[in-house]
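Have a look at the structure below before the remarks.
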Amino acid sequence: MTFLRRSLPSMNGLFTFEAAARWGSFSRAADELNVTPAAVSRMMSRLEQHLDTVLFLRQPVGVTLTESGQLLFDAIARGFGGIESALREIEDRKTGMDTVSLSVSTGFTTHWMMPKMAEFKRQFPAVDLRFQLVMGALSGPVNDVDLGMRFVEGPDERHEAAFVMPEVLLPICSPDYLESHAMSGGGIGRVPDTTINLSDAQPNWSKLFTPANGSDTQNSMIFSDYAIVVQAALLGQGVALGWLNVVAHWLRTRALVPARDHLMVTGRRCHLVRLRDKPVRPIVGKVRDWMIAELTADVDAVNSLYPSLKLPVLGHSPILGGGK
């Protein structure tokens, strides 16, 4: 500890460095720390001068870590993770509750997690869930949470990854919308009168509803938050594209229905991810396995309701994906 105190100008510099490295941006770190970007930049310059090494590569759209910066960030993330886990366990012991933090999309939280909260509380009456919500593309670090839902290839050197399902997308709408717009053969045609779009969606699915002649006559509503896209579909406003991991519950309960028999399987894979360096808490594994089992049951039920869709059969084993 004596060497550490001599090597660092202040502990505040470590907190600032961790935030800047995690966000890849001095501006976003400043927002989190409630200071100015200039203050973050000055503090990082002082830290680099004190260590006599460059920690960040400054770029017009943000910052990236140098090799030395990555080395320091990995060590800090491990240390902060252990401290946070200890503080949480101390708090849990006082309250008699376990806390589990999740980094998931607003769409998944609103349209899958919230409808299942009563069942979750029956299964885990002594667990408090805390959500770190992602409005845009499902990405970003999982340093500050127990589990994050991410589209990744699988586990890596820093992360455990439990497989959930392949990325599957299908056109969805409300039953009333389908009934009023269906063609004589069943299902909605290639160009519904209204599509509900997610801005900057990845993958880009807008061409699924573009007629072969290239014209584009349908109305469109575009939202930046996928939770609103699904809500508009539930309210019968048009046809949206449904990410199966988000809309499986509504398809199972028939609050939403497939607009037509068409799937897009992208090749990406949805996982529940956690840092390997975080202390393992049994409750986190139990919550993870419950989420995967519930999603699997939803997909199995949707497969039974709509066999013509030919959804992938998941077939999970009880213990999943922890190894490298």
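The values are calculated or read from the model by the stated rules, or taken from the named source; none is laboratory data. Not measured: the values here are computed from a predicted model. Please note: Cβ atoms are built from the backbone with ideal geometry, for glycine as well, and neighbour counts cover all protein chains shown. Note: accessible area is taken over every heavy atom of the protein model, side chains too, but ligands, DNA and RNA are not part of it. Shrake-Rupley method; radii C 1.70, N 1.55, O 1.52, S 1.80 Å.
List of remarks:
- Which numbered condition M43 fails, given (1) surrounded by 12 or more Cβ atoms within 10 Å (Cβ to Cβ); (2) out of contact with any Gly (no Cβ under 9 Å at 6 or more places or on another chain); (3) modelled with pLDDT of 90 or more; (4) part of a helix (DSSP H, G or I): (2)
- Subset of the stretch 58-72 that is closer than 18 Å to R28 by Cα and among the polar types (S, T, N, Q) - its residue that is most open to solvent (accessible area, probe 1.4 Å): Q59
- Considering residues of the stretch 29-38 that are assigned to a helix (DSSP H, G or I) and either at pLDDT below 90 or more than 15 Å from R58 (Cα to Cα) (or both) only, the residue least open to solvent (accessible area, probe 1.4 Å): A30
- Pick from the stretch 221-272, criterion in contact with a Ser or Thr (Cβ under 6 Å, 6 or more places away or on another chain) and assigned to a loop (DSSP other than H, G, I, E, B), ranking: least open to solvent (accessible area, probe 1.4 Å): G238
- Which listed residue is farther than 15 Å from S199 by Cβ, at pLDDT below 95 and not charged (D, E, K, R), from A259, A248: A259
- The stretch 145-158 residues that are touching a residue at least 12 places away in the same chain (Cβ under 8 Å) and among the small types (G, A, S), paired with ones that are open to solvent by less than 10 Å² (accessible area, probe 1.4 Å) and assigned to a loop (DSSP other than H, G, I, E, B) (beta carbon under 7 Å, 6 or more apart): G148/V142
- In the stretch 73-106, the qualifying residues are those that are among the acidic types (D, E) and open to solvent by 20 Å² or more (accessible area, probe 1.4 Å), and the one that is modelled with the lowest pLDDT is E89.
- Inspection of the stretch 177-196 finds no residue satisfying the criterion of being surrounded by fewer than 17 Cβ atoms within 10 Å (Cβ to Cβ) and either under 25 Å from H271 (Cβ atoms) or at pLDDT 90 or above (or both).
- When L138 is tested against the conditions (1) touching a residue at least 40 places away in the same chain (Cβ under 8 Å); (2) within 15 Å of T109 (Cα to Cα); (3) aliphatic (A, V, I, L, M), the lone failure is (1).
- Of all the criteria given as (1) touching a residue at least 24 places away in the same chain (Cβ under 8 Å); (2) farther than 16 Å from P115 by Cβ; (3) open to solvent by 20 Å² or more (accessible area, probe 1.4 Å); (4) out of contact with any Leu (no Cβ under 8 Å at 6 or more places or on another chain), the one not satisfied by L275 is (3).
- Within the stretch 154-184, the set of residues being farther than 26 Å from L305 by Cα, among the charged types (D, E, K, R) and touching a strand residue (DSSP E or B) at 6+ places or on another chain (Cβ under 7 Å) comprises R158, E160.
- Qualifying residues in the stretch 142-158 (those that are more than 10 Å from L275 (Cα to Cα) and hydrophobic (A, V, I, L, M, F, W, C)) - the one least open to solvent (accessible area, probe 1.4 Å): M149
- Those residues of the stretch 199-220 which are touching a Ser or Thr at 6+ places or on another chain (Cβ under 6 Å) and either modelled with pLDDT of 65 or more or open to solvent by less than 40 Å² (accessible area, probe 1.4 Å) (or both), in sequence order: S199, P203, F209, Q218, N219, S220
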